[in-house]
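Asker: Structure provided below as structure tokens; questions to follow.
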Amino acid sequence: MTIARLADLADPLTTPRLVVKVGSALLVGKDGKPRREWLTSLCGEIAEARKRGQQVVVVSSGAIALGAAKLGLAKGGRGSLADAQAAAAVGQIALAGLWSELLEQQGLTAAQLLVTLEDLDDRRRYLNASATIGRLLKSGAVPVINENDSVATEEIRFGDNDRLAARAAQAARADAIALLSDVDGLYDRDPADPEARMLPRVEGVTAEIHEMASGSSSSGLGSGGMTSKLQAAEIAERAGITLAIINGTHERPIARALEHDTGTLFLPRRNDGALKSWLGGRQRMAGVIVVDAGCAKALAKGGSLLATGITAIEGEFRRGDPVGIRDASGRPLAQGLVEYDSAEVTRIQGHRSEELEPLLGYAPRSAVVHRDQLVLL
């Protein structure tokens with residue numbers, strides 16, 4: 001069975017495993033204190049989902065906001081990277097304790113997982129995280145995942161928990177994600193515009209859909225916005241995961257959204273295999289390979305990336321590294337694991353297969369990026 005409407009998020013047959021993402025502005029009040037009453041109602045919803053036979057994974061922001069209030073840091077702890085790391089170190093204890101206490105009141109056991117971008121971009125660590133989440137769910141616990149902001153730097157962080165939720169959903173092999181936001185869903189323009197219309201369903205995030213989004217977070221507490229939610233939807237939809245944006249500002253937000261059928265449902269376009277889903281969700285590439293129009297067409301038809309279609313490379317990479325593949329205009333086409341070092345690709349770019357052995361000094365591999373190690377964007 002497939003998810004076709006918001007109400008299916010509460011159906012254990014269509015959604016046996018659900019990821020719920022909670023942002024800072026929903027969990028922490030402007031006074032820097034947790035919104036316990038609201039969070040208690042959400043924990044009640046999680047318990048109800050469990051009783052229906054669903055497994056739930058939580059992706060929770062809030063550590064920096066809670067820690068900044070305790071330390072008295074300006075700008076909610078986001079004035080500098082050092083402030084954010086210090087605030088997270090203090091706030092993470094409070095956040096974990098809060099989830100543990102309120103879930104325990106519902107008879108549930110909370111488990112904390114702190115991850116960085118590197119943890120989910122590295123294949124082995126990603127598989128370890130996936131195995132841990134699976135074992136926790138099998139044991140009846142509720143995994144509560146957050147970015148490890150106390151050690152993450154600008155270069156190795158997600159930057160927002162929307163994309164983290166999508167990557168966590170991949171690792172958890174979830175069926176759907178509920179992103180709790182401060183708006184009802186995706187609007188075709190600024191929601192403040194009286195003529196703005198909410199989109200109930202989106203089948204594929206296109207350039208037109210991206211143009212509707214605003215990259216700002218209205219609360220000032222979070223780091224995301226509608227743009228990051230659309231990026232999360234793109235990661236999810238390639239893995240066959242449905243994503244919903246619903247208004248989380250009310251008590252019992254999930255039940256309210258489902259009862260009134262209010263929210264935006266992003267339906268998956270395809271269901272890539274485990275490896276390709278992981279590849280498509282990666283955010284950091286070791287380098288970029290630029291290809292000509294003929295190569296771009298071949299890739300779109302499911303072909304491998306051959307040296308003859310390469311026109312340029314950017315960055316330095318080694319065999320096995322993830323690389324982005326773009327056309328001459330800079331448009332992203334695909335991501336994949338490269339079979340050659342960057343110096344070798346530079347040597348063989350633009351050459352036909354029969355010309356490669358003399359250039360390399362050894363028998364060439366079948367492709368620069370094989371189609372089995374490549375995912376279209």
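Asker: Once amide H atoms are built 1.01 Å from N in the peptide plane, which residues 5 or more positions from Thr262, or in another chain, come under 5 Å H to H?
Answerer: none
Asker: Just how many % of Cα pairs in the stretch 132-206 lie over 14 Å apart, if you round to the nearest whole percent?
Answerer: 74
Asker: Then there is this: Of Leu127, Val369, Gly225, which is farthest along the charge dipole of the chain in the positive direction, counting Lys and Arg as +1 and Asp and Glu as -1 at C-beta?
Answerer: The listed residue farthest towards the positive side: Leu127.
Asker: Next question. Under a 5 Å amide H to amide H cut-off, with H placed in plane at 1.01 Å, what residues pair with Arg201 once short-range neighbours are removed?
Answerer: Amide H neighbours of Arg201, under 5 Å, 5+ apart: Leu265.
Asker: Next question, about the same structure. Using a simple charge model, +1 on the beta-carbon of Lys and Arg, -1 on the beta-carbon of Asp and Glu, nothing else, what dipole does the chain show about its Cα centre, in debye to the nearest 20?
Answerer: 780
Asker: Let me ask something else about it. One quarter of the convex hull surface, Cα atoms only: what value does that give for the stretch 1-73 in nm²?
Answerer: Value for the stretch 1-73: 5.4 nm².
Asker: In whole Å, largest first, what are the principal axis extents of the Cα atoms in the chain?
Answerer: The Cα atoms of the chain stretch 70, 45, 42 Å along the principal axes, largest first.
Asker: Just to check I understand the Karplus step: with θ = phi - 60° and J = 6.51 cos²θ - 1.76 cosθ + 1.60, what whole-Hz values come out for the stretch 77-82, glycine and proline as x?
Answerer: Each residue of the stretch 77-82 in turn: x, 10, x, 7, 5, 4 Hz.
Asker: Explain nothing, just compute: Karplus ³J(HN,Hα) = 6.51 cos²θ - 1.76 cosθ + 1.60, θ = phi - 60°, for every residue of the stretch 254-261 in order, whole Hz, x for Gly and Pro.
Answerer: Whole-Hz 3J(HN,Hα) from phi for the stretch 254-261: 5, 4, 5, 5, 5, 5, 9, 6.
Asker: What FRET efficiency would be calculated for the residue pair Lys301, Arg123, taking the C-beta separation as r and a Förster radius of 45 Å, to the nearest 0.05?
Answerer: 0.95
Asker: Quick one: which residues, 5 or more positions from Thr311 or on another chain, have an amide H under 5 Å from its amide H? H modelled 1.01 Å from N in the peptide plane, none for Pro or chain starts.
Answerer: Val290, Val291, Asp292
Asker: Here is a further query. Placing one identical point scatterer on every Cα of the stretch 63-154 and ignoring solvent, what is log10 I(q)/I(0) from the Debye formula at q = 0.18, 0.23 Å⁻¹?
Answerer: -0.85, -1.06
Asker: Here's something else I'd like to know. Dividing the alpha-carbon radius of gyration of the stretch 285-376 by 2.2 N^0.38 Å (N being the number of residues), what value is obtained?
Answerer: 0.94
Asker: When the helices in the chain are scored as -39500 (n - 2.57) per DSSP H run of 4 or longer and the sum is shared across all residues, what 222 nm value do you end up with, to the nearest 500 deg cm²/dmol?
Answerer: My calculation for the chain gives -11000 deg cm²/dmol from helical runs alone.
Asker: Of the peptides 173-180, 274-281, how do they stack up when ordered by the mean number of other Cβ atoms within 10 Å, highest first?
Answerer: The most tightly packed comes first, giving 173-180, 274-281.
Asker: Under a plain spin-label model, where a point goes 7 Å from the Cα along Cα-to-Cβ, how far apart in nm are Ala328 and Thr132?
Answerer: 4.7
Asker: To the nearest 0.05, how large is the calculated FRET efficiency for Asp292 and Arg52 if R₀ is 56 Å and r is the Cβ-Cβ distance?
Answerer: Using R0 = 56 Å, I get an efficiency of 0.60.
FYI, it's all coordinate maths here, none of it is from the lab. Just so it is clear, the structure is predicted and the values come from calculations on it, not from any experiment. In this analysis, Cβ positions are derived from the backbone assuming ideal geometry, glycine residues included, and neighbour counts consider all displayed protein chains.
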